[in-house]
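Worksheet: one structure, shown below.
The values are calculated or read from the model by the stated rules, or taken from the named source; none is laboratory data. Since the structure is predicted, the reported quantities are computational estimates derived from the model, not experimental observations. No Cβ is skipped: glycine too gets one built from the backbone with ideal geometry, and neighbour counts run over all protein chains shown. Only protein heavy atoms, including side chains, enter the accessible area calculation; ligands, DNA and RNA are left aside. Shrake-Rupley method; radii C 1.70, N 1.55, O 1.52, S 1.80 Å.
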Amino acid sequence: MSGTMKKKLPIGIENFRDIRTENFYYVDKTAMIRELLQRWAKVNLFTRPRRFGKSLNMSMLRSFFEIGEDPSLFEGLAISRETELCQAYMGQFPVVSISLKGVDAANYQTARNLAVKAINEEARRLRYLLDSDQLAPEDKILFSQFLDKDMADETLVCSLRELCELLEKHFGKKVILLIDEYNVPLAKAHEQGYYDPMVFLIRNLFSQALKTNDSLYFAVLTGCLRVDRESIFTGLNNVKTLSITSFSFDEYFGFTDFEVQEMLQYYGAENKYEMVKNWYDGYRFGKVDVYCPWDVIRYCDELQDNPDAEPQNYWSNTSSNDVVRHFLQQVDQGLTKSEMEALIAGEAVTKEISEELTYNHLYDSIDHLWSVLFATGYLTYRGKGSGNTYQLAIPNQEIRSIFTEQIMTLFKEAVARDGESLAAFCDALQAGNAAEVESCFSAYLAKTIRIRDTFRQRPSRESFFHGILLGILSYKNGWYVRSNQEAGEGYSDILIQVEGTDIGMILEVKYAENGQFDAACREALQQIEEKNYAQALRSEGCRVILQYGIACFRKRCRVMVEREEYPEV
């Protein structure tokens, strides 16, 4: 492909028509249409984490089914080989398609207004109904109400059902209804404190559209969570839920390994395959392992500009990751440090999962939080036990980094709150009191979650302990702390200057293999001497330099110190 212009990568493009007409790279998921037509229920609910292609698939469905759409959009794609199916269904249905993704507001009234705007937008798209010879004058008056930004409650609640009725009158065919991100209004309402009125609105809207809608052929809904039936699907017994544990439709959300290899080869990045796999693979939907599409596309795009680019945490930047923080705050309140440390190390933890959740009880217990993390993609499953029991694990390096960042953030907040412990640790460091430094640092290690480095890509074994030290020292006023600073003939772990004094400190951290603390401490002190790290502090006027060898193993440490004094120049 070196002599031709490559297709653009579809970053943030969720419109199927745009992808197919504007020369974007498309991973073919159109076989989903065949499976849907072979197995559809009256209401089909797909739940997947964010950024796994839900909106693009909904746009694809609209382009396939809707009367008047361009059939050439599907040329060369998997579904085009299903000739009889295409003749029977392609371009044969009126479609109502709305997204509730934008119903995100600080209060109920604004959220309701945004829901009205979603209906207004779809009504404008269907404005041709005002010229229909099949609609009576009163039908057109009704339709005009869907264009009104001041829509009454009863009009809003009945809007989707009545749009379907008007379309059936115009075309003489039942309607396909698509509702993307159905649960976003509930999630935002829960976060902002207006959950009850929003549940009431959505329940009535869906009851009209999905339960008492004689003009409905079938409906497809997507969302991140499977919301408790009694919350918004009361009395609705025609919902077929296709969650992340369902074997049906398992490969249509997310990229399979084959699809990722094809993409990397197309863009000349085959050499990044293992890195992409470590960072963005590891999710299991049904019986298929998949990558997060958003991450793969973003990284592939970055590689076009910089072939040496390192993977980044693209997924976390699309959300606040509050659920991880809530989860970690449950340590010692139902979640054990051992469980969290096992997850961080790439191991699996067996838990019972509920796939049907109620937003106003999401964070009520650690059991609910396990379920939320599973449903939203922060955890995946490696195996299934009896009933609703699953072996849960962190999917990949990217999600692991979200957990580790949150662990360090919570640790730093705890350090900042405990000024007495911070003062004791820093006073002992400045005084050269190795025994007290050891005692204080051991107390800190006992309180935090240990980040073991047995995950796929191992950082240096000292990095966790190095990070803990930096987290503590970052709150000490009057100390100039540098990490991995060039000094002498190498790079020291931590250099400290005590402002207003001639005191400097060098902290070198070693991992004490199998608990060989003394040997590791001596190795650290020898490295400080051989690499002449003290030169950097001497050149800046330090006359008293405390050289610390710190050996760590699991949640224990040993500290040795050597004091060097230099004459004033």
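Observations, loosely collected:
Conditions tested, residue by residue: (1) assigned to a loop (DSSP other than H, G, I, E, B); (2) in contact with a strand residue (DSSP E or B) (Cβ under 9 Å, 6 or more places away or on another chain); (3) open to solvent by 20 Å² or more (accessible area, probe 1.4 Å).
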{"residue": "Leu36", "(1), (2), (3)": "no, yes, no"}
{"residue": "Phe52", "(1), (2), (3)": "yes, yes, no"}
{"residue": "Asn57", "(1), (2), (3)": "no, yes, no"}
{"residue": "Gly68", "(1), (2), (3)": "yes, no, yes"}
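- Within the stretch 323-341, being modelled with pLDDT of 85 or more and open to solvent by 30 Å² or more (accessible area, probe 1.4 Å) holds for Arg325, His326, Gln329, Gln330, Thr336, Lys337, Ser338, Glu339.
- Selection of the stretch 360-377 for residues being in a helix (DSSP H, G or I) and open to solvent by less than 10 Å² (accessible area, probe 1.4 Å) yields Leu369, Trp370, Ser371, Val372, Leu373, Phe374.
- Within the stretch 261-303, the set of residues being more than 29 Å from Ala348 (Cβ to Cβ), open to solvent by 50 Å² or more (accessible area, probe 1.4 Å) and in contact with a helix residue (DSSP H, G or I) (Cβ under 7 Å, 6 or more places away or on another chain) comprises just one member, Glu270.
- Taken over the stretch 466-522, the residue count meeting the criterion of being of a type outside the set (Phe, Trp, Tyr) and either open to solvent by 60 Å² or more (accessible area, probe 1.4 Å) or part of a loop (DSSP other than H, G, I, E, B) (or both) is 19.
- Any hit, the stretch 501-520, residues being polar (S, T, N, Q), in contact with a strand residue (DSSP E or B) (Cβ under 8 Å, 6 or more places away or on another chain) and closer than 20 Å to Gly467 by Cβ: no
- Boolean, Leu369 is aliphatic (A, V, I, L, M), modelled with pLDDT of 95 or more and in contact with a helix residue (DSSP H, G or I) (Cβ under 9 Å, 6 or more places away or on another chain): no
- Every pair of residues 6+ apart whose Cβ atoms lie under 7 Å, when the first sits in the stretch 177-204 and is closer than 22 Å to Trp40 by Cα and at pLDDT below 95 while the second is open to solvent by 20 Å² or more (accessible area, probe 1.4 Å) and not basic (Lys, Arg): Asn183/Cys224
- Any hit, the stretch 164-182, residues being of a type in the set (A, V, I, L, M, F, W, C), over 21 Å from Asn213 (Cβ atoms) and buried (at least 16 other Cβ atoms within 10 Å of the Cβ): no
- Matching option when the condition is touching a residue at least 60 places away in the same chain (Cβ under 8 Å), charged (D, E, K, R), surrounded by fewer than 20 Cβ atoms within 10 Å (Cβ to Cβ) and not in a helix (DSSP H, G or I), among Asp133, Asp104: Asp104
- Residue that is modelled with the lowest pLDDT [pool: residues in the stretch 232-260 that are among the small types (Gly, Ala, Ser), in contact with a helix residue (DSSP H, G or I) (Cβ under 8 Å, 6 or more places away or on another chain) and open to solvent by 10 Å² or more (accessible area, probe 1.4 Å)]: Gly235
- Of the residues screened, Ser439 is not one that is part of a loop (DSSP other than H, G, I, E, B), open to solvent by 20 Å² or more (accessible area, probe 1.4 Å), small (Gly, Ala, Ser) and on the phi < 0 side of the Ramachandran plot.
A quick yes/no check of all residues on (1) touching a helix residue (DSSP H, G or I) at 6+ places or on another chain (Cβ under 7 Å); (2) in a helix (DSSP H, G or I); (3) small (Gly, Ala, Ser):
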{"position": "Leu186", "(1), (2), (3)": "yes, yes, no"}
{"position": "Met198", "(1), (2), (3)": "yes, yes, no"}
{"position": "Leu205", "(1), (2), (3)": "yes, yes, no"}
{"position": "Leu210", "(1), (2), (3)": "no, yes, no"}
{"position": "Asp214", "(1), (2), (3)": "no, no, no"}
{"position": "Ala219", "(1), (2), (3)": "yes, no, yes"}
{"position": "Thr222", "(1), (2), (3)": "yes, no, no"}
{"position": "Leu225", "(1), (2), (3)": "yes, no, no"}
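- Residue list for the stretch 342-366, filter: at pLDDT 90 or above and of a type in the set (Asp, Glu): Glu347, Glu352
Yes or no, residue by residue, for (1) among the β-branched types (Val, Ile, Thr); (2) open to solvent by less than 10 Å² (accessible area, probe 1.4 Å); (3) assigned to a helix (DSSP H, G or I); (4) touching a strand residue (DSSP E or B) at 6+ places or on another chain (Cβ under 9 Å):
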residue: Asp28; (1), (2), (3), (4): no, no, no, no
residue: Ala41; (1), (2), (3), (4): no, no, no, yes
residue: Pro49; (1), (2), (3), (4): no, yes, no, yes
residue: Met60; (1), (2), (3), (4): no, yes, yes, no
residue: Leu85; (1), (2), (3), (4): no, no, yes, no
residue: Gly91; (1), (2), (3), (4): no, no, no, yes
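- Neighbours by Cβ (under 6 Å, 6+ apart or cross-chain): first from the stretch 349-372, under 17 Å from Thr245 (Cβ atoms); second open to solvent by 40 Å² or more (accessible area, probe 1.4 Å): Thr350/Gln391; Glu352/Asn388; Ile353/Asn388; Glu355/Arg226; Glu356/Arg226; Trp370/Lys351; Ser371/Ser354
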